[in-house]
1. Name the most mobile residue of B:Ile96, B:Ile51, B:Ile24, meaning the one with the largest mean-square fluctuation, in a Gaussian network model of chain B with Cα contacts below 10 Å.
2. In sequence order, what are the phi-derived ³J(HN,Hα) couplings for region A:73-86 according to the Karplus relation 6.51 cos²θ - 1.76 cosθ + 1.60 with θ = phi - 60°, rounded to whole Hz, with x for glycine and proline?
3. Distances from B:His41 to the same position in the other copies: list them in nm, one decimal, shortest first, using label points 7 Å from Cα along Cα→Cβ.
4. What are the label-to-label distances in nm, one decimal and shortest first, from A:Lys107 to the same spot in the other copies, with labels 7 Å along Cα to Cβ?
5. How big is the charge dipole of region A:4-59 about its Cα centre, in debye rounded to the nearest 20, if each Lys and Arg gets +1 on its Cβ and each Asp and Glu gets -1 on its Cβ?
6. With every protein chain present, what is the per residue accessible area of region A:65-142 (1.4 Å probe, Å²)?
7. Assume the label is 7 Å from Cα along Cα to beta carbon: what separations in nm does B:Ile140 have to the matching positions in the other copies?
8. Taking chain B as a Gaussian network, Cα atoms linked when under 10 Å apart, which of B:Leu67, B:Leu127, B:Leu106 shows the biggest mean-square fluctuation?
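The values are calculated or read from the model by the stated rules, or taken from the named source; none is laboratory data. In this text, all values refer to a predicted model and were calculated from it rather than measured experimentally. Neighbour counts run over all protein chains shown; Cβ positions are idealised from the backbone, glycine included. Areas reflect the complete protein model, heavy atoms only, side chains present, ligands, DNA and RNA absent. Shrake-Rupley method; radii C 1.70, N 1.55, O 1.52, S 1.80 Å.
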Number of protein chains: 2
Amino acid sequence: MLTIGALAKKTGTKVQTVRYYEQIGLMPEPGRTEGGQRRYHTAELDRLSFIRHSRQLGFTLDAIRELLKLSDQPDKSCHEADEIAQRQLNQVEQRISRLEALRKELKRMVKECSGGHTGDCRVLEVLRDHSECLTDHNEIGA
Amino acid sequence: MLTIGALAKKTGTKVQTVRYYEQIGLMPEPGRTEGGQRRYHTAELDRLSFIRHSRQLGFTLDAIRELLKLSDQPDKSCHEADEIAQRQLNQVEQRISRLEALRKELKRMVKECSGGHTGDCRVLEVLRDHSECLTDHNEIGA
DNA sequence: TCTTGAACCTCTAGCTGCTAGAGCATGTAT
DNA sequence: ATACATGCTCTAGCAGCTAGAGGTTCAAGA
């Protein structure tokens, strides 16, 4: 029987976050003591570990909800889980290439800066005029 | 004299976003018609372009605030602007390496999945047990 | 058994950076 | 004069938490 604090600690989660997961239905409502405090079993620890690990891998809470559901039906085809992971992989790859374009642009900006006055700072100049950019970077909406 | 709609269009911004920037003090309060509609000059167009371009490069609104301030003082040393850009570059690089660790892990997960039932799906298995991971990925807080 | 104090409880509000919608006013073209 | 696209303000919502106020419970030590 774990308190919420112990559960949080074991999974590297904040106590508030655990309650938040319960609130949005990602974690089940646990049993309570007579005084009204939450007490957790190992099953809930496993579930939270799953959630946290999935978050670390960048899955959204909605995706995690799906994955948890699938995980509870061991006889179902693995196809859906696979697809969710594949989708996540694609997104990660997209974000990487966007960030790489950014990196390139930022590197160039910083490198070209002469270290003089802001009046002729390359950094500010580039920001002022997109046409000076080489790549089609776009982090907004990434 | 541009309407807010024209300004938004020219900079690839949504009208609401322009008003939002004004609200948080990133854009100045523009002149108004007798009826109370905003009208913009070229200076404001330039400023919004600067903001948008900086956003595309991933700068936070706070960083942009700084950059704009510096940009208004052409005699000041370029050092600070440089530093902000360098910081942004570092962040981008950190994010890239985190995402690359993720990609690796996700790729492995997807590849190892046999396509059978969820009961022995590698994807779900890996999510259940972090110790199966090779890398120290962590997207949370990235 | 009593007392302390850390950990728990609920509830509300805030973070970033927008975005959407309701309900109404303005501006411009015909 | 009229239509209607665009403008206005205000409020609320998105993800995924996080922090704080103000109060209660639990477990360990005296």
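1. B:Ile24
2. 10, x, 8, 6, 5, 6, 3, 5, 4, 4, 5, 4, 5, 5
3. Spelled out, the distances from B:His41's label point are 7.1 nm.
4. Its label point is 1.9 nm from the equivalent points in the other copies.
5. My answer is approximately 220 debye.
6. I get 54 Å² per residue for this part.
7. Here the equivalent label points are 3.2 nm apart from this one.
8. Among B:Leu67, B:Leu127, B:Leu106, the largest GNM mean-square fluctuation belongs to B:Leu127.
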